[in-house]
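Read through the structure below, which is laid out as structure tokens, and then see the notes.
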Amino acid sequence: MMKSMLIVALPEATPTHEASALQDDLRRAGIEPYGWIVNRCFAFSGTRDPALCAKGADEMSYLKEILDRHAQRTVISPWVPQELNGAENLRALYAA
């Protein structure tokens, strides 16, 4: 069974930059991450709350950085109230 490494990060400064540093470390060790999951993204949540819309707008620069500089494959997960852990939860999110 083939296994793939995924990097998971929030679309914020510290998580994005720490995930990028992790990816650099993995590459130095000869491990190429398959892609990135950008988790709990307000920019694509459909919210109409002004504060959350502003947060979503702030996320866009980190999303652009991830897409342009760090990841060849990216899944952007909108903010959802339930914890996203495990393949089954990701499949349910994808199906929705």
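Being surrounded by 14 or more Cβ atoms within 10 Å (Cβ to Cβ) and more than 13 Å from the chain's Cα centre (by Cα), is that true of even one residue in the range 37-45? Steps first, please.
Of the range 37-45, the ones surrounded by 14 or more Cβ atoms within 10 Å (Cβ to Cβ) are 37-45.
Now drop any that are not more than 13 Å from the chain's Cα centre (by Cα), which leaves 45.
Scanning the range 37-45, I find at least one residue that is surrounded by 14 or more Cβ atoms within 10 Å (Cβ to Cβ) and more than 13 Å from the chain's Cα centre (by Cα), so the answer is yes.
Of the residues making up the range 1-15, those that are small (Gly, Ala, Ser) and at pLDDT below 90 number 1. Condition test on residue 61, is it of a type in the set (Ser, Thr, Tyr), exposed (fewer than 15 other Cβ atoms within 10 Å of the Cβ) and either part of a helix (DSSP H, G or I) or in contact with a strand residue (DSSP E or B) (Cβ under 6 Å, 6 or more places away or on another chain) (or both)? So residue 61 passes the test.
Results for (1) β-branched (Val, Ile, Thr); (2) closer than 22 Å to residue 90 by Cα, shown as yes or no for each residue.
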| site | (1), (2) |
| --- | --- |
| 12 | no, yes |
| 16 | yes, yes |
| 19 | no, yes |
| 30 | no, no |
| 37 | yes, yes |
| 42 | no, yes |
| 46 | no, yes |
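Residue 48 meets all of the listed conditions (1) without any contact (Cβ under 8 Å) to a residue 24 or more places away in the chain; (2) in a helix (DSSP H, G or I) but one, namely (2).
The values are calculated or read from the model by the stated rules, or taken from the named source; none is laboratory data. Everything numeric here is computed off the predicted structure, so don't read it as measured data. All Cβ positions, even for glycine, are placed from backbone atoms using ideal geometry, and neighbour counts span all protein chains on display.
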